[in-house]
Each structure stands twice: as structure tokens, then as C-alpha cells.
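**Student:** Take a look at the following structure, please.
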Amino acid sequence: MTKKGRFGIHGGQYIPETLMNAVIELEEAYNYYKNDPEFNHELTALLNEYAGRPSRLYYAEKMTKDLGGAKIYLKREDLNHTGAHKINNVLGQVLLAKKMGKTRVIAETGAGQHGVATATAAALMNMECEVFMGEEDTKRQSLNVYKMRLLGAKVYPVTTGTATLKDAVSETMREWTSRISDTHYVLGSVMGPHPFPTIIRNFQAVISKEIKEQCLEKEGKLPEVVLACVGGGSNAIGAFYHFIEDKNVQLIGCEAAGRGIDTFETAATIATGKLGIFHGMKSYFCQDKYGQIAPVYSISAGLDYPGIGPEHAFLHDIGRAQYVAITDEEAVCAFEYLSHTEGIIPAIESAHAVAHAMELAPAMSKGKIMVINISGRGDKDCAAIARYRGEDINE
Amino acid sequence: MSNIKKAFANGKAFIPFITCGDPDLETTKELIEAMAAAGADLIELGIPFSDPTAEGPVIQEASLRALAGGVTTDKIFDMVAEVKKTLDIPLVFMTYANVVFSYGAEHFISKAASLGIDGLILPDLPFEEKEEFLPFCRKYKIDLISLIAPTSRDRIAMIAAQADGFVYCVSSLGVTGTRSVITTDVGAMVDLVHKAKDIPAAIGFGISTTEQAKNMAAKSDGIIVGSAIVKIVGQHGKDAVPYVADYVRKMKAAVSSAVY
């Protein structure tokens, strides 16, 4: 039997039979439209004119000098419309859904960035939109809940389980099984059943395509290191993809260690998880010895997920990418550092990558180039970080 | 003839589902015995999973109650071993792929077979992925049950032709849970199954009343009821046994009164 959508042993389609024809239909539509000049022309126009691509590759001169090692560039995905890389995937998927004749999109969201991006694209393309968000996250990110409603979406707080991202994914999958014919599930990361990890990776791969072109133009060579934060892993795979064949480019994913990988309050899947089957895919998951999914924790709602996309699991297996775990405290320090050093407030998710860069850059020689993917902007996190530092401010 | 085939040998089958360990394993054992005595032909034993994506709120909550109470796969195996000392009713496990996978697929399936479990239902294991577990199920002679859904259409013949035990026909879109009306043409789904293979087809999802039971049984070889029973257990806790037995008796009578 042919096994579809595999990255080594990872991936696959572990979903209820009710959804099988839906993912088959999606795969067929994607395979058709990805080669359709009109679809690609429309998508490029949306990415450039609406989302503001290409995003800048910014030389962080002060940070470079301060750390005294590698030359540091920031890939400014935070400057995209809606403030994160999520829009790249969402414009692609919502346009695809529209071509498929769907009139309604549903999505899960953690920090709210993917929900806001989906609500935005739905407003633009006249689609009905419903977003499922863990109740805990609706509290942590109340501004994003308001934004989604403002954009015309319905937001459902999910109260089951740990009331965070994994529960939002489960609930959106349940919703999809109850209404399929007019509805597309806009999955937000490179996870879930085939063909989602491949489709989403391809929509996010624009990040590494641009980094490569911009770096060659500015430096005449490829970077030595590319760093990105990893929850499900969509901004990271986007930043890595076009470098996978360039074996001299080191690829590093930064997971959320939460309060530490030796505690139960962590979301570092590669560091603490084991092989499993969940949310439609085989990959690594934080779980107990009986396969019960662990209640994970991170200060970052966007990295607070017990699994990792199957292509990352594969890149880890073959040693092509390294994965490191960054604690809440390290990420918060990096959040503050980038803000006062470069005047750029990164998303707390992206700050996990900045934190590792701060450790790595001083040990690299001055001719070496490091690219950090700043996957999103940090406005949404300011109140929570203030609280983390003991300051009670109103949002 | 496999034990599962036997469950369908005496007219239409009534198949109740319960979540193991809700509210505790002692009650689960009593429920199995009482349901068998009340006329159940085959019993589905749910091994709770933390994130059951195919379940509605009733079974989700039961799963979390059971896990919070400390139930594990090993403790459920021990309970089944106890039950099987005195009871010969066919039993199948219903759980999620990760519960089997994380235990070690061969380890889980060989252990279940040695306890006298007859089948395995995994709602997140479609036809395309069944090779993950099927070789072990065949080796240890456990039927890996195939599901078909209202959206399956042209897939029904393919799935049914390779099915073992019985075919689980999902009556409605969405997750498990009681429904006031079932709008799918389940009769047509069952006919497609029978055209593809001489195998029993049982209907599940959404059935709670005796009237629905009779109607669905008339269109199939048996019916499966989960949420309605789990709800009774949720309401009465450790005292649920007589209420569940009474419900099973009524449902079995309704199923038996159905004719093609």
C-alpha cells in the first residue's frame, strides 16, 4: 500500500473516516492549483500588495556589535500585515478554499495570530469564519479575540482538556467532521494529516526563498546559520525549506522549554517527547507512558503545543536540523534585549529564537552570517511580559 | 466462526459501549456483567484517551473522569482478565491509535488477544493507515474493525471488501453523541457494505431511543449505543448498574422487534 504524505516515518493521515474524502479532495485541488498560473498570480498579488511581501532582511548592526560575533540579520516577518508569518499560509489556504467552492473557513488558534490572520483573509475574500481558541488563551490574548470579532469572525472559547492550543485543534477537527461540504479547515501550522504539512510548508517556504535571495544580494553568500522558533513549526519550516539542500547552512529550531525541560511545565517536544500518533500525524509528542497527551506549558501561547510537525521530526531524525529548548526566562530576556537594542519588539514566540542567537552569536567568528526569523511582532505580548516582571498594566 | 460473527448469529445485535474506569474499574466490571445478562450481544470497552477527537462532550468527559481516577491500559487489561474468568460475551476495545502505538502495537494486540478480546476499533485509523496495526491483528487473531461514514461514498466498497469482524457504519456527520434525528440514508450505506462482502454491518453514532434503535436495526445487522449509556453512568456513578441494565434490556427488545 502506498503511504502518502510521509517524511521518513513521520506524517500520514490518522483521522476519522468521515474526513478522508475531504483531505483527498483538498490534495487533488491543491495539486491542480499549485501549477495553475492564474492561482499563483492571484496569490503573489495578495502576498505582495495586501500582506506587504517581500519582508525585509534587516541587518541588526547594534545587536551584532553588542554580541561581538556573527553578523546578525533579522527576517522581518513581524512586518507582514496582521503582524506575523501566519498570513502567508492563510492567504494561500483561503484562496484555495475559495477556488474549491467553499464558503466557510474554520481555524484553531493559540496566541491568536493564526485566528486573526484567518479572520482577515476571510473578511477580504467574503468567507464565513469561525475560530476555536482555548479558553485559557482567550484570557491571555484578549486583544486578539476582539480583533477576530472586529473582522467578522465568530470566536468559540474551548473549555475541554487544558483549554489551550491542542484542545483548540481537537475541537476544530470535531467541528470539521460535523460540517464538511461547504467548509475548509485552515490549519495554522505544518501539522495534522497529509496534505496539510506539505501545503502549509509550501505556502511558508516563501520565507526561505526570500532569505536566500536577499542574503546573496547583500552578502554574496548564504548564511551559516538560520534560527527560528518551533511550536508546530510553520515559521521554522518556512525559514529552513530552501536551505535543506545547502548542507553548509546550519538550521536550528528553538522549542519552548517553559519552566525547564526537567519540569512538567514544558512544551519542548524534541527534548522531552516520544514517537506517537495524534492530530492526524505520526511525529514526536509530549505524552505519558500510556500515550496520554501531556498538558504542556509555555509562557508563549503560540508554542504551547505537545507535538511538532512531521517534517521537523524527520529533519531531527536525519540530523539535518538541530532543536534546542529555551526557557520562559531566557525568552523574556531576549524579548527585552531586542526591544531596547534594536527597537524591535518581537513576539514572545520569536524571542525564543533570539535567545538562542544571543548564546550562539558571540562564539561565531565575525565573517559568519546568522539569520533569525522574527516570525511575529510582540505588541500582543506586552501586557503578559509586564505581568511576568511583576508589573500590573492595563491592556 | 469468530466470536464477533457469533454476536450477529442470533438476529440483530445490540452493542453497548462504556468507558472503562468511569467512575471506577469495579463498576465497569459490574456494568459488563449486567449488560451481558440484560441481552447485550457484544460489548465495546472504551480505553480512555486524553484527547478523543472523534467523541462528543459526553464521552470526552467520561474519558477525563476515568483518567483523573487513575485508570491505565494495564489496569484495564487486569479488569478484563477478571471479567473473562466468568463471562464468555464477545468484547472489543475502542480507543485511539496512540494508546495502542505507545504501548507497543504488537505488545498491546498480543496482550489483548491473550485476554480474549475479539476486536479493536480505532476511530483515528482510516483504511489508508491500517497497515500500522493490521499485521499484528491478523497474527494474533483480533478483528480490526473498519468504519464507514456518510461521506465515504465510493470508498465503502473498498473498505468493506477488506473488512474483518463487522463494519461500523457511522450514522451521521460529526462526533459521537445523541441526536434527535438521523438524516443519513444509512440503509444505502449498509447495502453497499453487503454488496462488497458478506459481513455484518452495525450502525452507531447518535442512537439513544428505542424507536431509533428499532428503525436503525431494521436497516442493518445491529446497532451500537455509546453516549446514551455513558450519560447514565455519568448521572448515577457507582449506582448506575441497574439503570444501565434496564436501558440495555429495553434497547435489546427494540432491536429484536425490528424486521427487514
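**Student:** Counting only Cα atoms, I'd like the Rg/Rh figure for the stretch A:69-149, Kirkwood definition for Rh.
**Tutor:** Values: Rg = 14.3 Å, Rh = 13.4 Å.
For the stretch A:69-149, the value is 1.07.
**Student:** Next up: Kindly provide the helix-only [θ] at 222 nm of chain A, computed as the sum of -39,500 (n - 2.57) over DSSP H runs of four or more divided by all residues, to the nearest 500 deg cm²/dmol? Mind showing how you got there, number by number?
**Tutor:** Details: 16 runs with 165 residues, N = 395.
The helix-only estimate for chain A comes to -12500 deg cm²/dmol at 222 nm.
**Student:** Just the accessible area for residue A:262, please: 1.4 Å probe, Å², rounded to the nearest 10?
**Tutor:** Per-residue accessible area (residue A:262): approximately 140 Å².
**Student:** Please work out the Cα center distance from the stretch A:258-313 to the stretch A:166-244, rounded to the nearest Å.
**Tutor:** Comparing the Cα centres of the stretch A:258-313 and the stretch A:166-244, I get a distance of 18 Å.
**Student:** Here's another thing I want to ask about it. If you count only protein heavy atoms with a 1.4 Å probe, what accessible area per residue comes out for the stretch B:12-252, rounded to a whole Å²?
**Tutor:** For the stretch B:12-252, the solvent-accessible area averages 34 Å² per residue.
**Student:** Now for a separate question. So what is the relative contact order of the stretch B:12-252, in percent, for Cα pairs below 8 Å that sit 6 or more residues apart?
**Tutor:** Contact order relative to length: 25 percent.
**Student:** Determine which aspartates and glutamates satisfy two conditions relative to residue A:368: a Cα distance under 18 Å, and not lying fewer than 8 residues away in the same chain.
**Tutor:** A:61, A:66, A:213, A:217, A:219, A:224, A:246, A:359
**Student:** With +1 assigned to the C-beta of every Lys and Arg and -1 to the C-beta of every Asp and Glu, and no other charges, what is the dipole magnitude of chain A about the Cα centre in debye, to the nearest 20? Let's see the in-between values first.
**Tutor:** Working: 41 positive and 48 negative charges, 135 e Å.
The dipole of chain A has a size of about 640 debye.
**Student:** Right, something else. Which entries in B:6/B:231; A:289/B:197; B:75/B:141; B:12/B:141 show an alpha-carbon gap greater than 31 Å?
**Tutor:** Going by Cα-Cα distance, A:289/B:197 fall outside the 31 Å limit.
**Student:** Computed FRET efficiency, Cβ-Cβ of residue A:209 and residue A:21, R0 30 Å: what is it to the nearest 0.05?
**Tutor:** Computed FRET efficiency for residue A:209 and residue A:21 comes out at 0.35.
**Student:** Too long at a 21 Å Cα-Cα cut-off: which of A:4/A:212; A:166/B:29; A:34/A:102?
**Tutor:** In this structure, A:4/A:212; A:166/B:29 lie more than 21 Å apart at Cα.
**Student:** Nothing charged except the Cβ atoms of Lys and Arg (+1) and of Asp and Glu (-1): what's the magnitude of the dipole of the stretch B:186-241 about its Cα centre? Round to the nearest 20 debye.
**Tutor:** 80
**Student:** About the Cα centre of the stretch B:12-252, what is the dipole size in debye to 20, counting +1 per Lys and Arg Cβ and -1 per Asp and Glu Cβ, all else neutral? Please list the in-between numbers first.
**Tutor:** On the way: 23 positive and 31 negative charges, 103 e Å.
Dipole of the stretch B:12-252, to the nearest 20 debye: 500 debye.
**Student:** Would you please calculate the Kirkwood hydrodynamic radius of the stretch B:1-104 over all C-alpha pairs and express it in Å, rounded to one decimal?
**Tutor:** Every distinct Cα pair counted, the radius reaches 14.2 Å.
**Student:** How many percent of all Cα-Cα pairs in the stretch A:13-136 sit more than 19 Å apart?
**Tutor:** 59
**Student:** Now a separate question. Using only helices, what value at 222 nm comes out for chain B when you add -39,500 (n - 2.57) per DSSP H run of length 4 or more and divide by the total residues, to the nearest 500 deg cm²/dmol?
**Tutor:** Helix contribution divided over all residues of chain B: -13000 deg cm²/dmol.
**Student:** With a ≥ b ≥ c taken as the square roots of the eigenvalues of the C-alpha gyration tensor of the protein assembly as shown, please select rounded if a/c is under 1.5 and otherwise prolate if a/b is larger than b/c or oblate if it is not?
**Tutor:** Taking the square roots of the gyration eigenvalues as a ≥ b ≥ c, the protein assembly as shown is prolate.
**Student:** Separate question: I need the calculated FRET efficiency for the pair residue A:59 and residue A:329, taking r as the beta carbon distance and R₀ as 30 Å, to the nearest 0.05.
**Tutor:** After rounding, the FRET efficiency stands at 0.60.
**Student:** Using a 1.4 angstrom probe on heavy atoms only, work out the carbon and sulfur share of the accessible area of the stretch A:204-290 in %.
**Tutor:** Result for the stretch A:204-290: 49 percent of the exposed heavy-atom area is carbon or sulfur.
**Student:** What are the residues of the stretch B:121-135 that lose 10 Å² or more of accessible area, with a 1.4 Å probe, going from their chain alone to all protein chains?
**Tutor:** The answer is B:123, B:124, B:126, B:127, B:128, B:129, B:131, B:132.
**Student:** Taking amide hydrogens as modeled 1.01 Å from N in the peptide plane, which residues meet the under 5 Å criterion relative to residue B:19, leaving out close sequence neighbours?
**Tutor:** B:46
**Student:** Please average, across the residues of B:220-226, the number of beta carbons from any other chain that are within 10 Å of each residue's own beta carbon, and give a whole number.
**Tutor:** Taking the mean over all residues of the peptide, I get 0.
**Student:** Given 20 °C and 1.002 mPa s, how large is the Stokes-Einstein diffusion coefficient of the stretch A:83-208 in µm²/s, with Rh as the Kirkwood radius over Cα pairs?
**Tutor:** 152
**Student:** Rounded to whole Å and sorted largest first, list the principal axis extents of the Cα atoms in the stretch A:187-249.
**Tutor:** So the three principal-axis extents are 39, 17, 17 Å.
**Student:** Rounded if a/c is under 1.5, else prolate if a/b beats b/c, else oblate: with a ≥ b ≥ c from the C-alpha gyration tensor eigenvalues square-rooted, which is chain B?
**Tutor:** rounded
**Student:** Output wanted: per-residue J couplings in Hz (rounded whole) for the stretch A:254-269, from phi through Karplus 6.51 cos²θ - 1.76 cosθ + 1.60, θ = phi - 60°, x for Gly and Pro.
**Tutor:** 10, 8, 8, 7, x, 8, x, 6, 8, 10, 7, 9, 9, 10, 7, 6
**Student:** Can you tell me how much longer the chain between residue A:259 and residue A:274 gets when fully stretched, taken as 0.36 nm per residue apart minus their C-alpha distance, in nm with one decimal?
**Tutor:** Full-extension gain reported as 3.4 nm.
**Student:** Taking every pair of alpha-carbon atoms in the stretch B:128-196, give the share separated by more than 21 Å as a whole percent.
**Tutor:** 32
**Student:** Give me the percent of the accessible area of the stretch A:1-101 that comes from carbon and sulfur atoms, probe 1.4 Å, all protein chains in place.
**Tutor:** Details: 2070 of 4090 Å².
Carbon plus sulfur share of accessible area: 51 percent.
**Student:** Let me ask another. What are the residues of the stretch B:78-104 that lose 40 Å² or more of accessible area, with a 1.4 Å probe, going from their chain alone to all protein chains?
**Tutor:** Residues losing area: B:98, B:101, B:102.
**Student:** If you roll a 1.4 Å probe over the heavy atoms of the protein chains, what accessible area per residue do you get for the stretch A:1-70, in Å²?
**Tutor:** Using a 1.4 Å probe on heavy atoms only, each residue of the stretch A:1-70 averages 49 Å².
**Student:** Using a probe of 1.4 angstrom, how much of the accessible area of the stretch B:45-189 is carbon and sulfur, in percent?
**Tutor:** On the way: 2670 of 4810 Å².
Exposed carbon and sulfur together represent 55 percent of the surface.
**Student:** Rounded to the nearest Å, what's the spacing between the alpha carbon centres of the stretch B:150-212 and the stretch B:237-260? Just the number, please.
**Tutor:** Spelled out, the Cα-based centre of one part sits 21 Å from the other.
**Student:** Could you derive backbone 3J(HN,Hα) for the stretch A:62-78 from the dihedral phi with the Karplus parameters 6.51, -1.76 and 1.60 (θ = phi - 60°), listing whole Hz in sequence and x where the residue is Gly or Pro?
**Tutor:** Calculated HN-Hα couplings, in order: 5, 5, 4, 5, 5, 7, x, x, 4, 7, 9, 10, 10, 8, 8, 5, 5 Hz.
**Student:** Let me ask you something else. Among residues other than residue B:255 whose Cβ falls under 13 Å from its Cβ, what is the net charge (Lys/Arg +1, Asp/Glu -1)?
**Tutor:** Charge balance in the 13 Å sphere: +3.
**Student:** For the interface of B with A, what's the total buried accessible surface in square angstrom, probe 1.4 angstrom, rounded to the nearest hundred?
**Tutor:** For chain B against chain A, roughly 3200 Å² becomes buried.
**Student:** Sort largest first and round to whole Å: the equivalent ellipsoid semi-axes of the stretch A:6-71, each the square root of five times a Cα gyration tensor eigenvalue.
**Tutor:** 39, 23, 10
**Student:** Specify whether the C-alpha gyration tensor of the stretch A:176-301 places it in the rounded, prolate or oblate class, a ≥ b ≥ c being the square roots of the eigenvalues: rounded for a/c under 1.5, otherwise prolate if a/b is larger than b/c and oblate if not.
**Tutor:** Oblate, because a/c is 1.5 or more while a/b does not exceed b/c.
**Student:** Please list, ordered by chain and number, the residues whose modelled amide H lies under 5 Å from the amide H of residue A:155; skip anything fewer than 5 residues away on the same chain.
**Tutor:** So residue A:155 has HN proximity to A:131.
The values are calculated or read from the model by the stated rules, or taken from the named source; none is laboratory data. As the structure is a prediction and not an experimental result, all values here were calculated from the model. In this analysis, Cβ positions are derived from the backbone assuming ideal geometry, glycine residues included, and neighbour counts consider all displayed protein chains. Keep in mind that these areas ignore ligands, DNA and RNA; they rest on the heavy atoms of the full protein, side chains included. Shrake-Rupley method; radii C 1.70, N 1.55, O 1.52, S 1.80 Å.
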